[in-house]
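The values are calculated or read from the model by the stated rules, or taken from the named source; none is laboratory data. Bear in mind that the values here come from a model prediction, so they are computed numbers and not experimental data. Heads up, the Cβs are rebuilt from the backbone with ideal geometry, glycines too, and the neighbour counts pull from every protein chain shown. For accessibility, only protein heavy atoms count, side chains too; no ligands or nucleic acids. Shrake-Rupley method; radii C 1.70, N 1.55, O 1.52, S 1.80 Å.
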Amino acid sequence: YWCGAMIQILLICIIRFCLKASTVSYPDYLNFLFIAVGGTSSAVWGSIVAKKSGKVQRYRQIIKYFFFFFQSVKYYVIVLCFLLILFGPSLMTGKVAEEVKWYSFIMIFIMAIVFGGIEEIGWRYTFQPLLEKRLPYEIASIITFVSWGLWHYMYFYVSDSLEGIQH
């Protein structure tokens, strides 16, 4: 799992670095492709290893598990209401930047729920439990934490948001 997920996102980082360092211009949709391919590395390799290890019989079990609501739907509605309270006044008064559309916040909400957690298929659902079979919980957690942090630094580089985070 670890090698597959890290190599996949590292290759995307290298390609992105080479393109940024060169004078070659490339279409904007490649940035989205880099984020999609790099950002799904954890989920892709988590799913592959979960199936190979016998944890699941079919890939659709992973997808079913991932989209299963663990909380009551009312909690998701509360989060959506919170976002409306937070961003609603800016939307109503027109004080939102021109490039931000009225539906951007809804898209961000959906992306945060779907894509923000998809990496957990690899880290929490596959990698951590496999480590815990061989190592004590504390050691497995430290290894997962360091690996997760390294993976996110590479992801932040690919998504061009590395400069904006507080290190």
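Of the residues making up segment 142-160, those that are out of contact with any helix residue (DSSP H, G or I) (no Cβ under 7 Å at 6 or more places or on another chain) and open to solvent by less than 40 Å² (accessible area, probe 1.4 Å) number 2. If the condition is being outside any loop (DSSP other than H, G, I, E, B) and under 18 Å from Leu19 (Cα atoms), then segment 147-162 contributes Met154, Tyr155, Phe156, Tyr157, Val158, Leu162.
Among the residues of segment 117-125, is any closer than 24 Å to Ser47 by Cβ, open to solvent by 70 Å² or more (accessible area, probe 1.4 Å) and modelled with pLDDT of 90 or more? Give the steps one after another, and end with the answer.
Residues of segment 117-125 closer than 24 Å to Ser47 by Cβ: 117-125.
Retained after the next criterion (residues that are open to solvent by 70 Å² or more (accessible area, probe 1.4 Å)): 124.
Imposing the further condition that a residue be modelled with pLDDT of 90 or more reduces the set to none.
No - not one qualifying residue is present in segment 117-125.
Please go through segment 55-92 and give me each residue that is open to solvent by 90 Å² or more (accessible area, probe 1.4 Å), modelled with pLDDT under 75 and polar (S, T, N, Q), ordered by number. Correct list: Gln71 only. Glu132 meets the conditions (1) open to solvent by 30 Å² or more (accessible area, probe 1.4 Å); (2) within 15 Å of the chain's Cα centre (by Cα) in every case but one. The failed one is (2).
Consider segment 19-34 and keep the residues that are over 23 Å from the mean Cα position of the chain (by Cα) and open to solvent by 60 Å² or more (accessible area, probe 1.4 Å). The one that is nearest to Asp160 (Cα to Cα) is Ala21.
Return yes or no: is Ile9 surrounded by 17 or more Cβ atoms within 10 Å (Cβ to Cβ), in a helix (DSSP H, G or I) and either at pLDDT 90 or above or not hydrophobic (A, V, I, L, M, F, W, C) (or both)?
For Ile9, the condition - surrounded by 17 or more Cβ atoms within 10 Å (Cβ to Cβ), in a helix (DSSP H, G or I) and either at pLDDT 90 or above or not hydrophobic (A, V, I, L, M, F, W, C) (or both) - is met.
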